[in-house]
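Single-structure report; data block below.
Values quoted throughout were computed directly from the atomic coordinates according to the rules given, and no laboratory measurement underlies them. Bear in mind the structure is a predicted one, so any value in this text is a computation, not a measurement. Note that each Cβ is placed from the backbone with ideal geometry, even for glycine, and that neighbours are counted across all protein chains shown.
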Amino acid sequence: MIIIQNITMKLKKKNEKKVLITGSEGFIGSHLVDFLLKKKMNIRCFVQYNSFSNYGWLDNYTDKNNLDFHLGDIRDSNYVDKAVFGCSHVIHLASLIAIPHSYNSAQSYIDTNIKGTLNLLQSSVKYKIKKFIHTSTSEVYGTAQKIPIDEKHPLNAQSPYAASKIAADHLALSFFKSFNLPVGILRPFNTYGPRQSARAIIPTIITQLINKNKIQLGDINPLRDFNYVNDIVKAFYLAIDNKSITGEVVNLGSNYEISIKNLKNLIMKIYNKKIKIEINPKRLRPRKSEVMRLLCNNSKAKKLLNWKPEYSGKKGLERGLKETIEWFSDNNNLKKYKSNIYNT
Ligand SMILES: NC(=O)c1ccc[n+]([C@@H]2O[C@H](COP(=O)([O-])OP(=O)(O)OC[C@H]3O[C@@H](n4cnc5c(N)ncnc54)[C@H](O)[C@@H]3O)[C@@H](O)[C@H]2O)c1
């Protein structure tokens with residue numbers, strides 16, 4: 001009787017849905033963890049190992065003892081294999097993402113973004129993962145050659161970061177074609193919200209606006225399609241059991257664009273503080289590396305995922321910025337940021 005019970009339990013465990021999230025402690029990852037826990041999903045959080053017992057934005061969860069944490073490095077195939085074992089789905093967000101840092105450390109981008117992805121794909125084939133959601137980025141398109149950008153737009157890496165993401169995207173798709181791994185690629189356009197690191201444009205503007213009497217920026221002419229993080233994690237949730245995105249790339253964007261110049265004006269208006277802007281040459285990308293325009297055609301996401309951004313258009317952006325500014329205005333959050341240092 002006990003033996004039968006054990007076998008039944010093992011079979012149940014084998015069929016249980018469990019989602020591994022890499023990059024779970026990061027900006028988008030931690031919001032996804034919050035979202036999936038609200039949906040009562042069974043998740044495993046892959047957190048990058050460090051000797052400070054730092055779980056990034058998941059630190060709050062460590063004392064509750066209710067999360068299955070795996071601390072390691074996606075560059076380590078042996079460790080990745082242990083993390084994938086026992087899971088039914090993988091959402092792969094872990095990546096090095098800072099573009100300026102990729103000019104100095106391209107090799108670490110290759111190791112993390114390409115080889116790290118390869119490790120996850122190989123273990124996912126081995127353990128017959130039911131859905132592998134790979135995270136791309138709109139940076140892979142480079143400056144828009146036609147707008148809005150749909151998934152057929154040519155790929156044009158203007159930075160080592162973008163090149164590493166293009167390679168990882170193709171690797172993931174090749175695993176669908178070669179090994180029938182059910183890969184779906186989600187390609188978010190610029191994402192923003194609470195917890196984003198200060199290397200990104202919106203937190204850079206907000207933290208300097210709160211702490212200083214002038215804001216230092218790079219090029220203020222590029223146009224971007226900004227997306228509130230809640231909308232983006234919702235799309236990831238909708239993708240988990242969605243069969244129609246298998247073998248497909250799906251853009252996630254709001255289809256509303258704004259220049260960095262107008263964005264900083266809007267943030268100053270919402271925060272009700274006007275200060276001087278200074279262009280800091282250190283913050284300028286090399287001329288040919290700057291992506292001048294990104295605007296998303298999101299029809300495919302609407303059709304396949306039944307996804308619609310709730311923070312859309314100018315009104316949606318204003319609402320998302322208000323929520324983000326409110327979060328940064330809380331000193332408990334703001335003190336985690338060093339606005340006196342320009343750190344890529
Ligand atoms: N934030 C955006 O605007 C944006 C837009 C498009 C796509 N993306 C993509 O979304 C994903 C998440 O980005 P984010 O904005 O949350 O950035 P983030 O830097 O906050 O998160 C990246 C996570 O990857 C983890 N990581 C890095 N190297 C690792 C390694 N070797 N082993 C294990 N973990 C490692 C980091 O610890 C971090 O938690 C990335 O794949 C990024 O390319 C982000």
Pull out a ≥ b ≥ c, the square roots of the eigenvalues of the alpha-carbon gyration tensor of the stretch 57-211, then state rounded if a/c is under 1.5, prolate if not and a/b is larger than b/c, and oblate in the remaining case.
oblate
Over the chain, with a Gaussian network built from C-alpha contacts below 10 Å, which listed residue (Phe189, Phe85, Phe52) shows the highest mean-square fluctuation?
Phe52
List the residue ranges in the chain for DSSP H helices whose C-alpha atoms run 27 angstrom or more along the long axis and whose Kyte-Doolittle average is -1.0 or above.
160-179
Counting each pair of different Cα atoms once, what's the Kirkwood radius of the stretch 279-344 in Å, rounded to one decimal?
15.8
Using alpha carbon coordinates only, what is the Rg to Rh ratio of the stretch 179-231, with Rh defined as the Kirkwood radius?
1.15
Quick one: if the Förster radius is 22 Å, what FRET efficiency do His170 and Lys126 give, using the C-beta to C-beta distance and rounding to 0.05?
0.60
At 7 Å along the Cα-to-beta-carbon direction for both Asn262 and Lys302, put a label point, then send me their distance in nm to one decimal.
2.0
For the stretch 211-259, with the dipole built from +1 on Lys and Arg beta-carbon atoms and -1 on Asp and Glu ones, taken about the Cα centre, which of Leu223, Asn251, Ala235 lies farthest toward the positive end?
Leu223
Using Cα springs under 10 Å in a Gaussian network model of the chain, which residue among Asp73, Asp330, Asp59 shows the largest mean-square fluctuation?
Asp330
What percentages, rounded to whole numbers, describe P(r) for the chain computed over all alpha carbon pairs with 10 Å bin width beginning at zero?
5, 25, 35, 24, 8, 2, 1, 0
Hey, what do the phi angles of the stretch 42-50 turn into as Karplus ³J(HN,Hα) couplings, whole Hz, using 6.51/-1.76/1.60 and θ = phi - 60°, x for Gly and Pro?
8, 10, 10, 9, 8, 10, 5, 5, 8
Rounded to the nearest 500 deg cm²/dmol, what is the calculated helix-only ellipticity per residue at 222 nm for the chain, with -39500 (n - 2.57) per DSSP H run of length n ≥ 4?
-12000 deg cm²/dmol
Can you divide the C-alpha Rg of the stretch 44-90 by 2.2 N^0.38 Å and report the result to two decimal places?
1.17
